[in-house]
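Enquirer: One structure, pasted below without further comment.
The values are calculated or read from the model by the stated rules, or taken from the named source; none is laboratory data. Keep in mind that this is a model prediction, so the values were computed, not measured. Ideal geometry is used to build each Cβ from the backbone, glycine not excepted, and the neighbour counts take in all protein chains shown. Remember, those area values only see protein heavy atoms, side chains included, never the ligands or the DNA or RNA. Shrake-Rupley method; radii C 1.70, N 1.55, O 1.52, S 1.80 Å.
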Amino acid sequence: MSQQAARPSIHDLSAIAHAVARATDRQTACENLIGELSKALNTRACILQQVDRGWMLLAQTRAGLGVTISDLQLALGGMSPRALTTPVDVHSIGEGVWTSIWVEEPGGPLAILLAGDWTLLERVALHPLAMLLTFAFRSVDEREARQATERWLIDGFTLARRLSRLGGLELVAQRVVDQISRSLNADRVALALYRPAEDRLSVVAAHGYSPALVKDVRIERGSWVIGHVYARGRPVVVADVRQINGMALERRPYRTFSFAAVPIVAGTETIGVLTATDKKDGSSFDGRDAIGLRMFGASATLALMAARNDTELRRLAYAVTIDSLTELFNRPYFDARLHQEIERAKRHSSTLTLLMADVDNFKAINDTHGHQIGDAVLQAVGGVLRSSVRIFDVCSRYGGDEFAILMLGSDQSSAMALAERMRQRVNEYEVKEDGRPRLPRTTLSIGVAVMRSGEGPTDLIRRADQSMYNAKAAGKNRVNVNGALLPAHQTPLVGPGPGEPA
């Protein structure tokens, strides 16, 4: 059909723009536009949007373009963005001349392509249509923005409600980034929290990144985007990093060139940073996305603070039960567990065995080699004991060079077997440095006591201690149970010389 026969009136074009403005979302608006415009002009049509990677096809007539997107990329590269309508020469791909209508959009310009030369309609129809479509798409964008804000509010409320039922910092943080990815349509989202002990930020959860890539990352305040946003306490939204001078792009591992990052604030304290990049549709992040990120950050703040405090409390609770040198349980924890387990054994008529182990000649080791070597010996012995006991046994440093092992549900024979195994492993333990032993030869004397009916903590400890002293008196490097020594073993015994302290 000729242009004269297909010439639409300004009323027809206004009706097309009105159909676009009434659309509930951008995709529907594009489909309405292409359908109505191709019908009015009886020609093929398509609509594309300029994004980071070039041009992205949004909609086309059923007949299709007849050309590839890559061919159109080359043709559109020569268009002037200042001209509302422009003829596009596609003779090189067998399509002759097309006509473009340029519509400015915050998310990237739109190019409406009509098969054929429609320049005769340029001033009387296409220019007014381009202006009307600018306002029509703006109306759709504002409607989508309101709808997105409403969805984000609902998603944020739902997220906060779900997070309140979760425990653990990593689990809460992961749920946050997964929700942001869905709501903002972003392929990659990361959440970094400030760690006061390290004076750095670390990525505690990520969506779309390899765990191996982010797990060990530490970011100083003021460095990189995350450190900069944390230090300044203000959001950063970049539509195209290629416009930033000095930005290295040759090894950039992202699909797109746009990102958004916002601080996570609790009261007056900035506790972390949320970042998002690589929108799934290839478009750029804008101020609305930053608002969305902050909205989700606000919804997550209370849960993150609670989870962080809970994690810190658990860490502190664990720390107060551990001996800092040997990393075994400490004396207060052992005393509390001993009372608990004795009462449990009485209620359930089960067995309970206590082993008391003491490093032989430890004072001589300290006096001869120094306290640093003495500490290293205690660490080595603690490591051997920890690796020898069962996972549910209570292995602790009782004090000085003395260790206590509480064996739950264990009888005398199994306790003696464990004690002998520990004694032998310590006796054979050796650490070499430059081919020479780094630590002096170390042995243990171990006493074993099985809980008797009606016995309390003090009585059980006294009998285990006495068995240990009996082992020392018999020559050290031995196991003694209820006053009886184990049969002579094959391992050579090294006791103290005359006058040496036990």
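Enquirer: Suppose the filter is more than 45 Å from the chain's Cα centre (by Cα), at pLDDT 80 or above and farther than 26 Å from Gly282 by Cα; does Gly116 pass it?
Expert: yes
Enquirer: A follow-up question, please. Among the residues of region 236-267 satisfying the criterion of being outside any loop (DSSP other than H, G, I, E, B) and either more than 27 Å from Met295 (Cα to Cα) or modelled with pLDDT under 70 (or both), which is farthest from the chain's Cα centre (by Cα)?
Expert: Once the filter is applied, the top-ranked residue is Gln243.
Enquirer: For Ser414, all conditions in the list (1) closer than 15 Å to Val479 by Cβ; (2) open to solvent by less than 40 Å² (accessible area, probe 1.4 Å) hold save one; what is the number of the exception?
Expert: Condition (2) is where Ser414 drops out.
Enquirer: Here is a further query. Given the residues Val237, Val225, Val265, Val214, which is the only one that is farther than 27 Å from Ala148 by Cβ and surrounded by fewer than 21 Cβ atoms within 10 Å (Cβ to Cβ)?
Expert: Val214
Enquirer: Oh, and also: On the basis of being crowded, with 18+ Cβ neighbours inside 10 Å, under 29 Å from Ala345 (Cα atoms) and not hydrophobic (A, V, I, L, M, F, W, C), does Asp401 make the cut?
Expert: yes
Enquirer: Looking only at residues in region 333-375 that are closer than 24 Å to Leu460 by Cβ and basic (Lys, Arg), which one is least open to solvent (accessible area, probe 1.4 Å)?
Expert: Among those that are closer than 24 Å to Leu460 by Cβ and basic (Lys, Arg), it is Arg337.
Enquirer: Please count how many residues of region 196-208 are open to solvent by 40 Å² or more (accessible area, probe 1.4 Å) and in contact with a Lys or Arg (Cβ under 8 Å, 6 or more places away or on another chain). Step through it out loud before you land on a result.
Expert: Of all residues in region 196-208, those open to solvent by 40 Å² or more (accessible area, probe 1.4 Å) come to 196-200, 207-208.
Filter again for in contact with a Lys or Arg (Cβ under 8 Å, 6 or more places away or on another chain), leaving 198-200, 207-208.
Residues in region 196-208 being open to solvent by 40 Å² or more (accessible area, probe 1.4 Å) and in contact with a Lys or Arg (Cβ under 8 Å, 6 or more places away or on another chain): 5 in total.
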